[in-house]
Number of protein chains: 2
Amino acid sequence: MTSGKNLVAGKWEHNSKAEQFQTVNPKTKVPITTIFQQATLDQINESVKGAYESFDLFAETSLKDRAFFLKCIQEEMLLAKPQILELYQEESALPEGRANGEFQRTIDQIQSFIELLHEGSLTQVCINTKGPDLRKMLYPIGPVVVFGASNFPLAFSTAGGDTISAFSAGCPVVLKAHPYHAGTSELVARAINKSLEKCKLPLSIFSHLGGQSHEIGRLLVSHNLIKGVGFTGSLSGGKALFDLAQKREEPIPVFAEMGSVNPIFILEDKLKTDSSLVKDLAQSVTLGTGQFCTNPGLIVVCNPMNTLDLANELSKSIEGLELPPMVHSNIQNQFDNKLEELESKGKLDTLYLSKSCSAAIGSIQATKFLKDLSLGEEVFGPFTLIVECKTNEEMLKVATLMEGQLTTSILGSISDQEISKKLLSILKSKAGRILFEGVPTGVAVTQAMQHGGPYPASTDSRFTSVGTDAIYRWLRPIVFQDCPNDLLPEILKNENLLGLKRKVDGEITSRAL
Amino acid sequence: MTSGKNLVAGKWEHNSKAEQFQTVNPKTKVPITTIFQQATLDQINESVKGAYESFDLFAETSLKDRAFFLKCIQEEMLLAKPQILELYQEESALPEGRANGEFQRTIDQIQSFIELLHEGSLTQVCINTKGPDLRKMLYPIGPVVVFGASNFPLAFSTAGGDTISAFSAGCPVVLKAHPYHAGTSELVARAINKSLEKCKLPLSIFSHLGGQSHEIGRLLVSHNLIKGVGFTGSLSGGKALFDLAQKREEPIPVFAEMGSVNPIFILEDKLKTDSSLVKDLAQSVTLGTGQFCTNPGLIVVCNPMNTLDLANELSKSIEGLELPPMVHSNIQNQFDNKLEELESKGKLDTLYLSKSCSAAIGSIQATKFLKDLSLGEEVFGPFTLIVECKTNEEMLKVATLMEGQLTTSILGSISDQEISKKLLSILKSKAGRILFEGVPTGVAVTQAMQHGGPYPASTDSRFTSVGTDAIYRWLRPIVFQDCPNDLLPEILKNENLLGLKRKVDGEITSRAL
C-alpha cells in the first residue's frame, strides 16, 4: 500500500541505492513490511529547486484557488481514511479512538483554513490614498520546510497545521517525514500530491522526503532557496535547526515549538476544596502517554497545612492505569533514563513509579526545588513533579524563576484571588496561554488560540503553531506605491471585485476605490 | 546645556572615572564642548535591571496612559525645540530646513502612535466563547534596547520610531545613544525622562547610555533581561548584533534595518519619454548627502538604442551641487575609500566624481555586471551605479540575481507594461516596497508603509520599522483561558468599558459580553 519512495518535486522516485529503513509497531516491536528509502542529496536539491520554481505561480494563486486545493486535500484524505487509520495505528500503537480523533482534528484544521481563505482578512490589506498611493498586503515568504512531529502523526505532521498554514499563505512545502510514521506520512503525501494534480497546480509545490538521518533536515534548512522552517519536537532538535538557520548567509525564521513543562499553580483554598483535582490532573498527566506538548510536567501547590498529599493521591490514581506504549522505543528509553537519573540523584522527596504503566509522580519541597531548578526541566512522557510550597511567597518565587512556557495554569478559588493576581502579573511574561480552570492538554483550533510561548517553549513567541493565526508565520508585508491598477494584485485593485474588507485611509470598507 | 552624564534607570549619573568623548561638527571639524561619559558595566546592568523591574507595571498601564506619556514627550520636546535644533545642526552640520523637517517628522511619528493608542486596534483582541473561553490580546515582550542611528539624529534615534513604538507597546527602553550626536540625544532623553516624571511612571522605564565602544551595545544585547533590539544602520553592525542575540542562551529578536541599494529599473520607453527622470534621480541620489536608507544606489536601465546616456546626464547634473558634509568624517572616509577601490579595480565602464561635492556616478554594461555582482553592493553615500542593459532579458536576469531590498522601483510607460509584469513577478520576492513612480527616498509614516525587506535589507522582513505597524515588533499574543472576569486585563473584560472593537466569535463588535 505504501511504496517507501520519496516524492521529489512532484515525482515518486525509486532509488535502489538509497539507505533503507522501516517503521516498527511500538507495541509488538514488529517491523512493518514497507522498505523506506532515505532521500539523497540530489533529491533534496531537486525538491527545493522545484518548490522555488513553483513559488511565483503559487504565490499568485487566488485565495479561492488555495481554498479549493485544501478542499481537495480533505477529500483525498477522506478517501484514504481506512488505510491511513490502519497504518497510523500500526505505526503508533495508539488506540482507534485517538487515531479517529486525530484524523478528524486534521480535517477540521484544514476546514478552518478553508474558511479563513474564503473570509480573506488574512491578507491584511491596508490602503492609503493620501500622499503617495500606498497599497499594502501580506505576501508569502517563499518555499518552506516542514518537519513531521513524532507525537502527532497526522495533526502536526504531513498535512498538519504547519503544512496547511504554509499552503494557505501560498508557500510551497518540502516535508521531512518523521521516520517513526513514514508510512502514514506517505499516505497523506499521496493525498496532497493527487490534490495538486486535481487543481492543475505545479506538482513541485509539495515534496515528501524520508530518512532517519538528521543530515536530511540539516541540508534542507541550510538550502539557500528555503525561506522558513516549521518544527514541533524537542528543545535540542528545535534549537539545532534554529542555530543552523541563523548561521546561514541569509538567516531565515525557524518556528520551532519545543514543548515545556506547563506548570500548574494550585492555590491554598482551591487545593482544600476541589474534589475533582486529582482525577483531572491524573488524566492530563497521562493523556497520550504524556506525549502532548501541553502535558503538565510541574505542579506547584500551596499546601502549608498539609491539607492534601497530592503526590500520594496522584500516585494512587495512576496505579492500575493501562497506557498505550510511547510512540517509539527511543522515546520510551529516554523517558526511562531520565526517571532513573532523577531516582539515582535522590534529590526528590518522593518518586512513585506506577506498576501497571510507565507513569510516574515525583514530589519535592519548594525550598529544595528553588536550590536546583534543573529538577524542573521537561521529562517528556507521563511524569509530573509536585513542588510543595509552605507559603505564597515560595510559590511566587518559583513563578519568578520559571522559564518560558507554552501554557501555565493558575487554579484558585475566589478566596485565593489576591495571590492569583500577584501570580498572574508574573506569569504573563512567562507563557503564551494562561489557564484558570481545567487542564492544559487539549488545544482548541480557533483564531483565539495561542500555541507558542517565550523561549525555550518556542523560538518565536510572537507566533502560534495552532489556530488560523499560524498562517502569519509564512507571510510578510509588501507595499505597492503608485502602482498602475492593471499591475496590482487582484485584492489591491480599485474595483475590489472580491468584495474583500479592506482598510482604506483608516476605515474598514469593502467598497471600490 | 548638556551634561555628558548617563541616564541610568532614571537617574543622571556623574562618573568622574568614565572614559570620555566629544562630538564634532562635521563641517568645521571643531569638537563641541560637552565631555560625554561612556557608560560603565555597572551602569549598563543597573539600567537593564531598572527596565526589568518597571516592566510589569508599564505593561499593565492602559493605552490611554501610554498615549498621555507620548503626548508629554511631544510637549517636552517642543519646549526644548530651540536647543535641540541648535545642537542638532552643530553635531550633524545638516541645514536648518532638514533639522526642522526631521524634528517635525519625529513629532508627527509620535502623534501617529498617540492616535493608534486611542484607536486601540493594536491589541488585536480576539475572543472565543464557544468551547473553552479564550481571550487573546497582544502583550509587550519585555525590556528592549534601541540604538540611535547615525543618519537620523531625531527620527530614527532617541525618541524615534523604535523607542516610541516600544513605549506604545508597553516595553521599557534602554537607549544606546549614537556617539555622533550624543548631545542631541541627551536633550531628547531629558524630554523623555521629564515626561515619565510628569506621568508618575517609574523613571527606570527609560535609560540613556553613551559611549563610543561597540562593547556597550554588545553588553546590552547580551543581557539576559533584554527581550528585543531595534537598530538602524550598517549591514555589518546589524548583523553583528543579530548574531550575538541568536547566540544568547535565550535568543531574542533583533530588528535591524540595514539599508540596501534600492534598485530602480527604468524600462525602454520610459527612458525615451520621461524628461524629468534625470533631475528626479539626481535629487534622490544626493538627498541627505546620500545617507538615506532608501537612497538609490543602483539604476538598471534598458537602453538598447542608446537613447539616453543616463550616466553622463546624471554626472552633469551633480556637477555644481553643494551638499552638506556627511554626518561624520568616518562615514566620509568609508565612502571615499569605497569609491577609490571601485576606481582602482577599474571594473566600471565610467566613474564620474563631482568636483563641487562628494557625489559620484558610475556606469557598467549589464553583461559585465552580471559577472561580478559584488559591484552592486551598497556604497553608503551620494553614489549610484547605472547598469546598462541591451535587452529586457538582461534586465530580468539582474532582477533575478538581486538580493533583498528595502525598496525597488519599476519605472515604465504604458507601452512597457508587458515587461513590467515580468519584472514585478520577480521583484515581489525581493523587496518590502515596490514603487512605480517617483523615487524611493521619502518614507511616508502611515499604517500602509512597509520599511523593511528580505535579508540583507533587514533581519526580519515580516516587520516594519516605519509606520504604526512598527509596534508589532514588540508584542506577542497571550491567551487567557476561562479567566475570572475580575482577573482579566481591562480590554478583555466582559463589560468592554472602553468600547474597543473586538473580534468575538468571528464578528467585530464593540458590545459587552
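A few comments on the model shown:
- Distance-filtered residues of the range A:194-222 - backbone nitrogen under 19 Å, label point 7 angstrom along A:Asn333 Cα→Cβ: A:211-215
- For a straight C-alpha distance cut-off of 17 angstrom, the lysines reachable from A:Lys316 (same-chain residues fewer than eight places away being disregarded) are A:Lys279, A:Lys355.
- 10 Å Cβ neighbours from other chains, averaged over peptide A:414-426: 2
- With a simple spin-label model that places each label point 7 Å from the Cα along the Cα-to-Cβ direction, the separation between B:Thr33 and B:Glu507 comes to 6.8 nm.
- For the range A:167-177, Karplus couplings with θ = phi - 60° (6.51, -1.76, 1.60), whole Hz, Gly/Pro x: 4, 4, 6, x, 9, x, 10, 9, 9, 8, 5
- Net charge over other residues, Cβ less than 14 angstrom from the Cβ of A:Gly183 (K, R count +1; D, E count -1): -2
- Long pairs among A:Lys5/A:Lys29; B:Lys136/B:Lys198; A:Lys503/B:Lys227; B:Lys421/B:Lys503; A:Lys200/B:Lys390, criterion Cα-Cα beyond 26 Å: B:Lys136/B:Lys198; A:Lys503/B:Lys227; B:Lys421/B:Lys503; A:Lys200/B:Lys390
- The same position B:Pro82 in the other copies lies at 9.0 nm from this copy, comparing label points 7 Å beyond Cα toward the beta-carbon, shortest first.
- Sites A:Asn306 and B:Leu225, calculated FRET efficiency, Cβ-Cβ separation with R0 35 Å, nearest 0.05: 0.45
- 5 angstrom amide H check on A:Leu298, placed H, neighbours 5+ away: A:Ile264, A:Leu385
- For chain B, the longest principal axis of the Cα atoms and the long axis of helix B:81-92 meet at an angle of about 40 degrees.
- Relative to the longest principal axis of the Cα atoms of chain A, the long axis of helix A:417-427 lies at roughly 50 degrees.
- What you get for chain A, charging only the Cβ of Lys and Arg (+1) and of Asp and Glu (-1), is a dipole of about 600 debye around the Cα centre.
- With both labels modelled 7 Å from their Cα along Cα-to-Cβ, the A:His118 to A:Glu250 distance reads 3.6 nm.
- Between 0 and 90°, nearest 10: helix B:235-247 axis offset from chain B longest Cα axis: 40
- Only helical runs count toward this figure. For chain A, summing -39,500 (n - 2.57) over DSSP H runs of n ≥ 4 and dividing by all residues gives -11500 deg cm²/dmol at 222 nm.
- Amide H contacts of B:Leu435 (H built 1.01 Å from N, under 5 Å, at least 5 apart or other chain): A:Gln481, B:Thr408, B:Ser409, B:Ile410
- Put simply, the amide H of A:Gly381, placed in the peptide plane, has no neighbours under 5 Å, leaving out anything fewer than 5 places away on its chain.
- For the range A:95-106, 3J(HN,Hα) per residue [Karplus equation, 6.51 cos²θ - 1.76 cosθ + 1.60, θ = phi - 60°, Hz, x = Gly/Pro]: x, 4, x, 5, 4, 4, x, 5, 4, 5, 4, 5
- J(HN,Hα) series, the range A:136-142, from Karplus relation 6.51 cos²θ - 1.76 cosθ + 1.60, nearest Hz, glycine and proline x: 9, 8, 8, 9, x, 7, x
- Think of the axis that spins chain B onto A; the B residue whose C-beta lies nearest it, and the distance in whole Å, is B:Gln246, 2.
- Exceeding the 27 Å Cα-Cα cut-off - candidates A:Lys347/A:Lys422; B:Lys176/B:Lys501; B:Lys368/B:Lys428; A:Lys501/B:Lys130; A:Lys493/B:Lys64: A:Lys347/A:Lys422; B:Lys176/B:Lys501; A:Lys493/B:Lys64
- Position A:Ser344, label points 7 Å along Cα→Cβ, spacing to each other copy in nm (shortest first, one decimal): 6.3
- Only Lys, Arg (+1) and Asp, Glu (-1) charged, at Cβ; the range B:264-435 dipole about Cα centre in debye: 380
- Using R0 = 30 Å, the C-beta based FRET efficiency linking B:Leu321 and B:Asp274 works out to 0.90.
- Cα gyration tensor shape of chain A, rounded if a/c is under 1.5, else prolate or oblate by comparing a/b with b/c: oblate
- Measuring r between the beta carbons of A:Ala444 and A:Ser413 and using R0 = 22 Å, the FRET efficiency lands at 0.30.
- DSSP-assigned coil residues among trypsin sites (Lys or Arg not before Pro) in the range A:271-359, each with at most 12 further Cβ atoms within 10 Å: A:Lys355
- Shown for B:His118: label points 7 Å from Cα along the beta-carbon vector, and their distances to the equivalent points in the other copies, 4.0 nm in ascending order.
- Gyration tensor (alpha-carbon) shape descriptor, the protein assembly as shown, a/c threshold 1.5: oblate
- Contour minus Cα-Cα distance for B:Lys368 and B:His14 (0.36 nm per residue): 121.7 nm
- Distance between the pseudo-spin-label points of A:Asp108 and A:Leu79 (7 Å out from Cα toward the beta carbon): 2.6 nm.
- When the charge dipole of the protein assembly as shown is built from unit charges on Cβ atoms (+1 for Lys and Arg, -1 for Asp and Glu) and taken about the Cα centre, the candidate among A:Asn15, A:Leu201, B:Phe152 whose Cα reaches farthest toward its positive end is A:Leu201.
FYI, it's all coordinate maths here, none of it is from the lab. Values in this document were obtained by computation on a predicted structure and should not be read as measured data. Heads up, the Cβs are rebuilt from the backbone with ideal geometry, glycines too, and the neighbour counts pull from every protein chain shown.
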